[in-house]
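Read the structure below first, then the notes.
The values are calculated or read from the model by the stated rules, or taken from the named source; none is laboratory data. The structure displayed is predicted, hence computed values, not measured ones. Note that each Cβ is placed from the backbone with ideal geometry, even for glycine, and that neighbours are counted across all protein chains shown. Accessible surface areas use protein heavy atoms only, side chains included; no ligands, DNA or RNA. Shrake-Rupley method; radii C 1.70, N 1.55, O 1.52, S 1.80 Å.
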Amino acid sequence: MKVNYKKFSTGGYEFKDFKGNPINKVIDMEIPQTLTIPLKQGFGGEVSVIVKPGEYVKAGQIIGIDKNAISSPVHSSINGIVEEIKTIKHLNKEVNAVVIKSDGTKEWQPLEGHSREWNKLSTEQIQKLLYMSGVTSLDKSGIPTIFKSSVISPEQVENVIVYGIGTEPFNISLSVLLQDERKSQFVTGLKILKKVMSNAKFYLAVNKKNSKLIQELNNLLFDVDWIELYALPPKYPLELDEVLIPTILGKKYPYGYLAANIGVIALSMQTVTQVYDAVVQGKPLIERTVALGGTGWKENVHMKVRVGTSIEDITSLYLKEHESYRLILNSMLTNKSLTSKSLPMDRTSSVLIALKENKEREVFSWLRAGKNKDSYSNAFLCSLMKVSNKSCDTNIHGEYRSCISCGFCEDVCPVDIIPHLIQKYVKKNMLDEEVIDYGIFNCIGCNLCSYVCTSKIDVAKDIREGQEKLTKDECGRDTIVEPYFDLIGLKEFKNL
Amino acid sequence: MKKIHNLFDKLYKIESLKKFKPVIQAADFFLFGTEETTTSAPHISDNMDIKRYMIMVVIALLPSTFASIYYYGWRAVAIILVSYIVGGIVEVTFAVIRGHDVEEGFLVTGLIFPLVLPPTIPLWIVGVGIFFGTFFGKEVFGGTGKNTFNPALVGRIFITIAFPVFMSANWYEPFTSGLGGFLHYAPDVVTSATPLASIKAGVELPYSYIDLFLGKAPGSMGETFRLGIIIGGLFLIATKIVNWRIPVAYLGSVFVLSSLGNIVMPETIASPGLQLLSGGLLFGAFFMATDPVSSPFTKIGKWIYGICLGLFTILIRSFSGYTEGVMFSIILMNGFTPLIDSIILQIKYKPIKKRSEAVLNER
């Protein structure tokens with residue numbers, strides 16, 4: 001295996017040393033009394049339910065499947081009785097969900113046809129295992145199989161990128177995810193994926209500071225020639241497909257489309273370990289390892305939770321009382337906050353963040369040395385010292401002001417556009433060809449410009465507004481981006 | 001603190017003071033900071049804000065400010081105070097009329113302006129200058145962030161042209177021994193000329209490079225202590241407040257052009273060492289040319305801007321009737337800023353229609 005060290009110089013920002021980072025401790029969460037399992041989880045459309053209220057289901061039993069549309073099956077993650085099927089607002093979409101009452105047992109029903117000797121399984125058998133386990137619905141484009149699990153077929157995949165860089169303020173710990181024997185299982189997972197997507201070249205993207213992991217992966221993969229390792233700086237938003245793919249492959253990304261549309265599949269490390277679980281151990285996707293990030297938790301542990309566990313079951317155990325916290329799933333920079341604690345954790349969950357709601361006013365905040373104040377600029381003492389307890393909360397730390405063109409947003413922009421320029425065009429409602437030329441549709445919504453803005457302008461939101469208006473006026477990405485690329489699986493993507 | 005807090009709460013409620021809400025709010029936020037929280041993603045926000053941004057510039061100007069007191073006495077403080085008070089009144093008046101917040105930009109303008117004035121300037125001229133600068137240089141354009149020209153320079157140029165006698169004829173020797181100006185109100189020893197004027201007249205300079213570097217030669221209040229200016233400038237670059245491209249391009253082009261010019265025309269173009277260490281070049285390069293609002297925002301634009309600044313400075317210093325060219329060249333290039341930016345944008349971002357036609361033709 002080849003190890004490449006690569007820089008990432010077009011923007012980005014390294015979030016580091018925030019207070020409330022997940023520690024290397026895993027806790028198996030007890031089986032909750034009831035679960036709510038959304039019928040749309042991860043990549044693909046909503047599946048149709050195949051169980052009825054009152055029916056007894058086993059953990060691992062498929063409760064929803066749709067063989068005709070792009071989707072992957074959904075399982076019950078506990079043994080128990082189906083209580084009802086109701087509509088919930090999950091991740092800003094109305095979806096049907098199955099509520100199951102647990103009987104308290106932990107056992108799960110393994111998949112048919114799984115084998116320790118996975119090498120002897122045919123490619124079709126492996127693909128069936130992956131599809132039936134639900135693993136194919138993970139990450140942004142899903143995993144292509146002979147079933148309708150992604151927008152392209154496995155042969156069309158040219159490149160597979162597996163990433164575990166950790167670029168968010170709070171990340172799931174790789175030492176937890178790849179603990180002990182999990183590392184070799186991870187490598188087996190890679191080999192299984194290679195068997196499915198045999199035309200593809202594989203890339204591993206890891207944090208360049210994690211030299212121990214690089215060394216260990218190198219030892220495990222030293223004789224493998226179809227894989228390359230890229231050691232990258234942990235700069236946000238490198239883990240987004242739109243930035244990761246150009247950085248590693250040097251390919252242009254069709255902003256607004258799937259990586260699969262250009263024959264690339266990007267997967268997180270947890271997905272690969274779950275590929276192993278499905279094929280070798282026959283374990284369907286009924287459990288996720290979730291890190292608890294942020295200062296709102298009593299202890300920042302990792303938890304193994306069953307899919308469908310309500311957030312309340314976790315918060316009642318670990319959330320600090322007497323203070324108000326904002327709950328966010330996976331990313332503080334791009335995701336909306338969770339409006340209700342009754343919402344379930346789904347297959348895509350990897351970090352649950354409890355961010356302090358800070359309405360407190362700080363006396364002479366602009367004069368303080370700032371020993372734990374994170375900033376893109378070096379205007380606080382924090383950038384000189386090595387601290388591990390930078391504070392982070394919801395306060396905007398300043399007043400809304402006019403843009404002074406300080407250029408911070410341009411410096412951090414990972415797609416090389418000038419956010420403040422485009423924002424001004426949108427605000428003046430000058431939505432014409434010029435603003436399209438300046439790359440308004442290159443914006444991938446990583447929100448870093450809004451984070452660094454000294455005038456506290458929500459630059460990214462305004463740019464998104466401009467994109468929406470232009471799309472309404474039939475100047476959307478299908479006329480601006482599409483003509484430049486030979487996109488595959490486009491029809492399937494548009495039907496999603 | 002609680003008492004002050006309650007006082008503000010009461011002030012907000014008084015009906016007759018409703019119009020002055022921007023002023024009360026400015027004072028309130030100045031003391032207590034904000035309670036505003038993010039509403040959607042990103043849920044976290046950088047600790048940097050405009051107050052901090054401007055304060056960093058003020059901190060970087062402190063060496064020059066203290067040097068101006070040391071070299072020219074406590075009158076320097078009086079000049080700064082007049083500048084802050086008059087400038088502040090203009091800013092606040094416009095905030096009240098327009099009903100928007102008081103922006104912190106005047107904290108910097110109000111300090112930069114006095115530092116580029118001669119030490120014995122009558123206080124009323126200081127008032128007139130800063131009034132003109134903030135009013136016509138900033139507010140008529142629409143306030144902070146929308147001005148084409150650097151407001152401090154607009155004020156400086158206005159009084160240079162309106163009151164030439166006060167601006168270029170009266171220069172005083174700085175205090176250089178012991179506690180210097182900390183024991184005096186104003187300088188009293190008249191000197192014939194600033195180093196730049198001596199160079200222009202072809203007279204041999206009575207000052208060594210070290211004198212120029214430490215500020216022992218006469219000049220504008222804050223422009224002479226060049227060691228402090230360089231420290232302040234580097235501080236701003238290190239904290240990312242100021243982009244390094246403009247000072248590097250400006251000072252670099254002055255160095256290169258004067259080196260070449262000095263070889264060709266040693267009589268008219270002074271040597272690079274003298275060029276860099278005299279007049280307001282260093283102060284202008286670090287604190288005025290770098291004003292983000294009035295300088296180009298494109299990276300290549302910043303280089304072009306800096307190089308042109310160097311060219312014009314050398315041209316004006318060597319071939320015009322004026323001894324100093326820094327402020328004229330900055331104002332001139334401020335005017336060209338939108339043009340530079342739009343040219344760079346046109347080159348960098350090719351029209352999408354042409355691009356798509358090319359792609360479609362290929363197929």
**Study point:** Residues of region B:257-273 satisfying the condition of being touching a residue at least 24 places away in the same chain (Cβ under 8 Å), in a helix (DSSP H, G or I) and open to solvent by 30 Å² or more (accessible area, probe 1.4 Å)
**Key:** B:L257
Revision key, fill the gap. Only one of A:I100, A:I62 is surrounded by fewer than 21 Cβ atoms within 10 Å (Cβ to Cβ) and in contact (Cβ under 8 Å) with a residue 60 or more places away in the chain, namely A:I62
Practice item. Would you confirm whether any residue within region B:2-23 is at the interface with another protein chain (Cβ under 10 Å from one of its Cβ atoms), more than 28 Å from B:I237 (Cα to Cα) and not hydroxyl-bearing (S, T, Y)? Key: yes
Practice item. Test A:C392 against the stated conditions and say whether it is open to solvent by 10 Å² or more (accessible area, probe 1.4 Å) and over 30 Å from B:D291 (Cβ atoms). Key: yes
Review point. What residue, of B:I316, B:I344, is within 14 Å of another protein chain (Cβ to nearest Cβ) and touching a helix residue (DSSP H, G or I) at 6+ places or on another chain (Cβ under 6 Å)?
Key: B:I344
Practice item. Scan the helices (runs of 4 or more DSSP H) fully inside region A:425-485 and keep the ones with 3 or more residues being under 26 Å from A:N335 (Cα atoms) and of a type outside the set (K, R). Key: A:448-452, A:459-472
**Study point:** Any chance B:M288 is among the aliphatic types (A, V, I, L, M), open to solvent by 20 Å² or more (accessible area, probe 1.4 Å), in the same structural domain as B:F141 (by TED's automatic domain parsing) and at pLDDT 85 or above
**Key:** no
Exercise for review: May I ask you to list the residues in region B:274-306 that are in a helix (DSSP H, G or I) and more than 21 Å from B:L196 (Cα to Cα)?
Suggested key: B:K299, B:I300, B:G301, B:K302, B:W303, B:I304, B:Y305, B:G306
**Study point:** Complete set of residues in region A:335-353 that are crowded, with 20+ Cβ neighbours inside 10 Å and either within 12 Å of chain B (Cβ to nearest Cβ) or hydrophobic (A, V, I, L, M, F, W, C) (or both)
**Key:** A:L343, A:M345, A:V351, A:L352, A:I353
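When region A:278-299 is examined, which residues are found to be more than 19 Å from the chain's Cα centre (by Cα) and either over 29 Å from A:S76 (Cβ atoms) or open to solvent by less than 20 Å² (accessible area, probe 1.4 Å) (or both)?
The answer is A:A278, A:V279, A:V280, A:G282, A:P284, A:T295, A:G296, A:W297, A:K298, A:E299.
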Point to revise | Tabulated pairs, region B:95-110, first farther than 12 Å from B:I50 by Cα and part of a loop (DSSP other than H, G, I, E, B), second among the hydrophobic types (A, V, I, L, M, F, W, C) and open to solvent by less than 20 Å² (accessible area, probe 1.4 Å), C-beta under 8 angstrom, 6+ apart or interchain | key: B:D101/B:A95
Exercise for review: Please enumerate the residues belonging to region B:62-78 that are buried (at least 24 other Cβ atoms within 10 Å of the Cβ) and part of a helix (DSSP H, G or I).
Suggested key: B:S64, B:A67, B:S68, B:Y71, B:Y72, B:A76
Practice item. Kindly indicate the residue of region A:396-412 that is in contact with a helix residue (DSSP H, G or I) (Cβ under 6 Å, 6 or more places away or on another chain) and not in a loop (DSSP other than H, G, I, E, B) and also surrounded by the fewest Cβ atoms within 10 Å (Cβ to Cβ) among those meeting that condition. Key: A:V412
Exercise for review: Can you work out which of the residues in region B:43-79 that are at the interface with chain A (Cβ under 9 Å from one of its Cβ atoms) and in contact (Cβ under 8 Å) with a residue 40 or more places away in the chain is farthest from B:H184 (Cα to Cα)?
Suggested key: B:I50
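Of the residues A:K235, A:K251, which single one is at pLDDT below 90 and among the basic types (K, R)?
A:K251
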Exercise for review: Could you grab me the full set of residues in region B:131-149 that are at the interface with another protein chain (Cβ under 9 Å from one of its Cβ atoms) and open to solvent by 60 Å² or more (accessible area, probe 1.4 Å)?
Suggested key: B:K146
Check your understanding: Which is modelled with pLDDT under 95 and farther than 30 Å from A:N442 by Cα, of A:L258, A:L213?
Key -> A:L213
Check your understanding: Among the residues of region A:360-383 satisfying the criterion of being hydrophobic (A, V, I, L, M, F, W, C) and buried (at least 20 other Cβ atoms within 10 Å of the Cβ), which is farthest from B:G33 (Cα to Cα)?
Key -> A:C382
**Study point:** Answer from A:C403, A:C443 - the residue that is within 20 Å of B:K146 (Cα to Cα), touching a Lys or Arg at 6+ places or on another chain (Cβ under 8 Å) and either more than 9 Å from chain B (Cβ to nearest Cβ) or modelled with pLDDT of 90 or more (or both)
**Key:** A:C403
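Step by step: first the residues of region A:305-322, then only those that are among the hydroxyl-bearing types (S, T, Y) and touching a residue at least 60 places away in the same chain (Cβ under 8 Å), then the one that is surrounded by the most Cβ atoms within 10 Å (Cβ to Cβ). Which residue is that?
Among them, the one singled out is A:T309.
Taking the stated definitions as given, is B:T148 of a type in the set (S, T, N, Q), at pLDDT 90 or above, part of a helix (DSSP H, G or I) and assigned by TED's automatic domain parsing to the domain that holds B:W74?
no
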Point to revise | Top-ranked residue in region B:207-238 [being of a type in the set (S, T, Y) and open to solvent by 10 Å² or more (accessible area, probe 1.4 Å); ranked as nearest to B:P63 (Cα to Cα)] | key: B:Y209
**Study point:** Failed condition for B:L17, given (1) hydrophobic (A, V, I, L, M, F, W, C); (2) within 21 Å of the chain's Cα centre (by Cα); (3) not assigned by TED's automatic domain parsing to the domain that holds B:S220
**Key:** (2)
Review point. Restricting to region B:152-205, what's the tally of residues that are among the hydroxyl-bearing types (S, T, Y) and open to solvent by less than 40 Å² (accessible area, probe 1.4 Å)?
Key: 4
Practice item. Among the numbered conditions (1) acidic (D, E); (2) farther than 28 Å from B:V57 by Cα; (3) assigned to a helix (DSSP H, G or I), tell me where B:E204 comes up short. Key: (3)
Revision key, fill the gap. Within region A:372-395, residues assigned to a loop (DSSP other than H, G, I, E, B) and within 29 Å of the chain's Cα centre (by Cα) come out as A:N372, A:D374, A:S375, A:Y376, A:S377, A:K386, A:V387, A:S388, A:N389, A:C392, A:T394
**Study point:** Matching residues, region A:308-329, being within 11 Å of another protein chain (Cβ to nearest Cβ) and assigned to a loop (DSSP other than H, G, I, E, B)
**Key:** A:S324
Practice item. Give the residues of region A:70-94 that are outside any strand (DSSP E or B) and more than 23 Å from the chain's Cα centre (by Cα), sorted by residue number. Key: A:I78, A:N79
